[in-house]
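Readers should treat all values here as calculations from the given coordinates under stated rules, not as data from a laboratory. Keep in mind that this is a model prediction, so the values were computed, not measured. Don't worry about glycine lacking a Cβ; one is built from the backbone with ideal geometry, like all the others, and counts go over all protein chains shown.
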Amino acid sequence: MDSIAVNYKDKGVIFYNLYTREPHAGQDQSRRHNNDQRYNFTNIPQTKTYEERVDYALQMIKDFNHVRPIMIDIFGPDCVQNGLGGSMPNSLIVIDREGILQLWQSWANVDGLREKLEEMTKVKK
């Protein structure tokens, strides 16, 4: 997502990462990512407090060199993850400048995002 954010920055698109919860708490995903140990979450429990989410988000920025600003979701029934996120830890939401929902994916799909962004940012004649 960071590379897409960089590619669309000059087209007026602003990306945010909404940290909701650990999508792979307790799992080792490093094999899926070329043995990159940043993806080994076996010692990472699920967050239980807002402060833990802040700590995890800050660590994620450091470990993965994130360029997107990070917002941190609240706990409880009014959290974004339960509403717009469809209770999934990797949902994707695109809102246009008028505040209209343009794309919602329960699980982020990069190709679908690129397609929607191309449609939204192409020059209209």
Report task. Collect residues whose amide H, placed 1.01 Å from N in the peptide plane, falls under 5 Å from the amide H of GLN102; neighbours closer than 5 in sequence don't count. Result -> VAL94, ILE95, ASP96
Query raised in the report: Using θ = phi - 60° and the Karplus form 6.51 cos²θ - 1.76 cosθ + 1.60, what ³J(HN,Hα) does each residue of region 67-77 get, whole Hz, x for Gly and Pro?
Result: 9, 8, x, 10, 9, 10, 5, 7, 9, x, x
**Report entry** 222 nm mean residue ellipticity, helices alone, for the chain (DSSP H n ≥ 4; -39,500 (n - 2.57); rounded to 500)
**Finding:** -8500 deg cm²/dmol
Report summary line: For region 6-58, the dipole about the Cα centre with charges only on Cβ (Lys and Arg +1, Asp and Glu -1), to the nearest 20 debye, works out at 200 debye
Query raised in the report: If you plug each phi of region 28-35 into the Karplus form 6.51 cos²θ - 1.76 cosθ + 1.60 with θ = phi - 60°, what whole-Hz ³J(HN,Hα) values come out, in order, with x for Gly and Pro?
Result: 9, 9, 5, 5, 6, 10, 6, 6
Requested in this report: Quick one: which residues, 5 or more positions from ILE72 or on another chain, have an amide H under 5 Å from its amide H? H modelled 1.01 Å from N in the peptide plane, none for Pro or chain starts.
Outcome: TYR19
Report task. With the convex hull built on the Cα atoms of the chain, state its orientation-averaged projected area in nm². Result -> 8.6 nm²
Report summary line: A student applying the Cα gyration tensor rule (rounded when a/c is under 1.5; otherwise prolate if a/b is larger than b/c, oblate if not) would label region 73-121 oblate
Report summary line: Going residue by residue through region 104-113, the Karplus relation 6.51 cos²θ - 1.76 cosθ + 1.60 with θ = phi - 60° gives ³J(HN,Hα) values, rounded to whole Hz and with x marking Gly or Pro, of 9, 10, 5, 10, 3, 10, 4, 5, x, 5
Report task. State the antiparallel share, in %, of DSSP beta bridges confined to the chain, rounding to the nearest 5. Result -> 60 percent
**Report entry** region 27-118: GluC sites (Glu not before Pro) falling in loop per DSSP and having at most 15 other Cβ within 10 Å
**Finding:** GLU98
Report task. Enter the Cα centre distance for the pair region 54-98 and region 1-30, rounded to the nearest angstrom. Result -> 8 Å
Requested in this report: For region 1-47, just say rounded, prolate or oblate: build the C-alpha gyration tensor, square-root its eigenvalues into a ≥ b ≥ c, call rounded for a/c under 1.5, and beyond that prolate if a/b exceeds b/c, oblate if not.
Outcome: oblate
Query - Degrees between helix 50-64 axis and first principal axis of the chain (Cα, 0 to 90, nearest 10) - result: 70 degrees
Report task. Report the charge-dipole magnitude of the chain in Debye, nearest 20, computed about the Cα centre from +1 at each Lys and Arg Cβ and -1 at each Asp and Glu Cβ. Result -> 380 debye
